[in-house]
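Undergrad: Below is the structure I would like to discuss, written out as structure tokens.
Nothing in this text is a laboratory measurement; each read-out follows from the coordinates by a stated rule. Note that the structure is predicted; figures quoted are calculated from it, not measured. Heads up, the Cβs are rebuilt from the backbone with ideal geometry, glycines too, and the neighbour counts pull from every protein chain shown.
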């Protein structure tokens, strides 16, 4: 006889019984059908929409296949990836340091943190002319755009994570007379791991945006340059193909950072 006081938790629905999965599939199908309908209507009623502005999925699929078969594309992709990665390191590490300082000192937080909130949402592309004057038209200005883009979300996330650290851990570190480096590496960073990972994920997204925008403005290499080139030639299938591939790669990189953070959290338990 089952214990009357036992509460049996219902197992979550799996497969097509999951309403969330059905809703996600419905959204994707709606977008695909709506896109194809608009592409078809542009060929029937040219005055409704310029022809080939929204190509069919078949044309985009051919563009993706052609793009992935082109070795030159991978060279440009490597250029963009190196610029984004370098910018993320240059902007992310100071962001973590600034976040720790602001999160551990109320006076510094009250004095300087409002500037981060004011400058954080500012479109960083307005600083691109300054980056060009400082670092030239080469990769340096693109790296600088990625660095300045990712600095703010990482710094704010690190500051918020610093304030969430259990005060007991800090007192334990001080009782063992840990120096500043030991406190940062042994106490602060492990305890604020998840906020920092979330900040890095946000920083990665804005670093990608900042770098690509800089490449579309003034560059002769990188994925942003290829997208601008396809737009100038009105090669819409190729342009959309590059956007789709870039979208998939960005999702994969973001998911990888999140998975690394979760893996580290499990290892610490």
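Undergrad: Taking the chain as a Gaussian network, Cα atoms linked when under 10 Å apart, which of 127, 234, 176 shows the biggest mean-square fluctuation?
TA: 176
Undergrad: In addition: What angle, in degrees between 0 and 90 and rounded to the nearest 10, separates the Cα long axis of helix 19-44 from the longest principal axis of the Cα atoms of the chain?
TA: Around 30 degrees separate the two axes.
Undergrad: Another one. Counting each DSSP H run of 4 or more residues in the chain as -39500 (n - 2.57), what helix-only mean residue ellipticity at 222 nm follows after dividing by all residues, to the nearest 500 deg cm²/dmol?
TA: Working: 10 runs with 196 residues, N = 269.
Calculated from helices alone, the mean residue ellipticity at 222 nm is -25000 deg cm²/dmol.
Undergrad: Which order do 162, 183, 239 fall in if you start with the one that has the fewest other Cβ atoms within 10 Å? Walk me through the numbers on the way to the answer.
TA: Numbers: 162 24, 183 18, 239 21.
Arranged by neighbour count, lowest to highest, 162, 183, 239 become 183, 239, 162.
Undergrad: Ranked from highest to lowest mean number of other Cβ atoms within 10 Å per residue, what is the order of the peptides 203-212, 31-40, 79-88, 134-143?
TA: Highest to lowest by the protection proxy: 203-212, 79-88, 134-143, 31-40.
Undergrad: Something else now. Can you give me the angle between helix 193-217 and the longest principal axis of the chain, using Cα atoms only, in degrees from 0 to 90, rounded to the nearest 10?
TA: 30
Undergrad: How large is the translational diffusion coefficient of the range 30-154 in µm² per second when you combine the Kirkwood radius over alpha carbon pairs with Stokes-Einstein at 37 °C and 0.692 mPa s?
TA: Calculated translational D: 178 µm²/s.
Undergrad: So if we plug the beta-carbon distance of residue 37 and residue 125 into 1/(1 + (r/R0)^6) with R0 = 35 Å, what FRET efficiency do we get, rounded to 0.05?
TA: According to the calculation, E is roughly 0.55.
Undergrad: Test of understanding: ordering 215, 72, 113 by Cβ neighbours within 10 Å, fewest first, what list do you get?
TA: By the 10 Å Cβ count, ascending: 72, 113, 215.
Undergrad: Can I ask one more? Cut-off is 10 Å between beta-carbons; in what order do 106, 163 appear when sorted fewest neighbours first?
TA: 106, 163
Undergrad: Can you tell me the FRET efficiency between residue 21 and residue 57 if r is taken as the Cβ-Cβ distance and R0 is 22 Å, rounded to the nearest 0.05?
TA: 0.50
Undergrad: Further, regarding this structure: Give me the three principal axis extents of the chain from the C-alpha atoms, as integers in angstrom, largest value leading.
TA: On the principal axes, the chain reaches 76, 75, 34 Å in Cα extent.
Undergrad: In square nanometres, what is the average projected area of the Cα convex hull of the range 143-196?
TA: Here the figure is 4.1 nm², rounded to one decimal.
Undergrad: How big is the convex hull of the Cα atoms of the range 82-199, per residue, in Å³?
TA: About 109 Å³ per residue, rounded to a whole number.
Undergrad: Roughly how many Å is it from the Cα centre of the range 181-253 to that of the range 120-165, as a whole number?
TA: 12
Undergrad: For helix 236-268, what angle does its Cα long axis make with the longest principal axis of the chain, in degrees from 0 to 90 and rounded to 10?
TA: The helix 236-268 is inclined about 20 degrees to the chain.
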